[in-house]
Amino acid sequence: MESYIRSGGVVMVPILGVSFIMWMLIINRVYVMRKLFVKNIPRAEAGELVKENRMPPKKYQGANSLLVREFLSSRTGDRQLDGYILDETVLRLVMEMDRYLALIAVLSGVAPLLGLLGTVVGMMATFDVITVFGTGNAKAMAGGISVALITTQTGLLVSIPGLYMSGFLNRRAHNLKHRISATGMYLRRFL
């Protein structure tokens, strides 16, 4: 692995840095969204909890229970003000679903561009060798070609799974936003 990174040249460092940051953000979002999908309370039970002004049991950690918890912790007792508080809570939770998703998409789009930069650097090194030694020294030319190919390959290897995960997380966030918004509209009748 170390020789593979070395043979890719200096551009491998930013590509691997982009990959590391991107995967840390992906793991964070997968964990948060999975937690909000599982162990969810039914909408009807959420309505009963709001009606009775009771917090959901600790075993529930899904999106509906999070909405009920956050709303009940800010509830005032004034029906009109509580409507605004519920709307604000829904809006805040919906906006939270998009956290880091744009950055993940940008990082997965930057990786092939860094690979292309490595290709240019490698080809420049190859042309420098050709300038000094001519085309007769194949071993010297192979180093530059190796840099060009390895960085391009690594950029694509980072980008393709990142783009897939970006799309997956965007769909998951859309579903969660819909669930939270629908539950918020349902809870309005219990204020």
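Scan the range 73-115 for residues that are surrounded by fewer than 16 Cβ atoms within 10 Å (Cβ to Cβ), in a helix (DSSP H, G or I) and either among the charged types (D, E, K, R) or more than 21 Å from the chain's Cα centre (by Cα) (or both) and report the count.
Residues that pass the stated criteria total 11.
Could you tell me which numbered condition GLY184 fails, if it satisfies all but one of (1) outside any helix (DSSP H, G or I); (2) surrounded by 20 or more Cβ atoms within 10 Å (Cβ to Cβ)?
Every listed condition holds for GLY184 apart from (1).
Among what's in the range 1-15 and is touching a helix residue (DSSP H, G or I) at 6+ places or on another chain (Cβ under 7 Å) and of a type in the set (A, V, I, L, M, F, W, C), pick the residue that is modelled with the highest pLDDT.
ILE15
Out of MET22, MET33, MET55, report the one residue that is in a loop (DSSP other than H, G, I, E, B) and modelled with pLDDT of 90 or more.
Of the residues listed, the single one that is in a loop (DSSP other than H, G, I, E, B) and modelled with pLDDT of 90 or more is MET55.
Could you grab me the full set of residues in the range 116-138 that are open to solvent by less than 30 Å² (accessible area, probe 1.4 Å), without any contact (Cβ under 8 Å) to a residue 60 or more places away in the chain and in contact with a helix residue (DSSP H, G or I) (Cβ under 9 Å, 6 or more places away or on another chain)?
Within the range 116-138, THR126, VAL129 qualify.
Being touching a residue at least 24 places away in the same chain (Cβ under 8 Å), among the aliphatic types (A, V, I, L, M) and farther than 27 Å from MET22 by Cα is the filter here, so list the residues in the range 139-191 that pass it.
Listed by number, the residues that qualify are ALA182, LEU187, LEU191.
Considering the range 26-47 alone, what residues qualify as being surrounded by fewer than 13 Cβ atoms within 10 Å (Cβ to Cβ) and under 23 Å from GLY83 (Cα atoms)?
Residues satisfying the conditions are PRO42, ALA44.
The values are calculated or read from the model by the stated rules, or taken from the named source; none is laboratory data. Everything quoted here is computed from the prediction, not taken from an experiment. When we count neighbours, we look across all protein chains shown, and the Cβ atoms used for this are built from the backbone with ideal geometry, even at glycine. Side chains included, ligands, DNA and RNA excluded: accessible areas come from the protein's heavy atoms. Shrake-Rupley method; radii C 1.70, N 1.55, O 1.52, S 1.80 Å.
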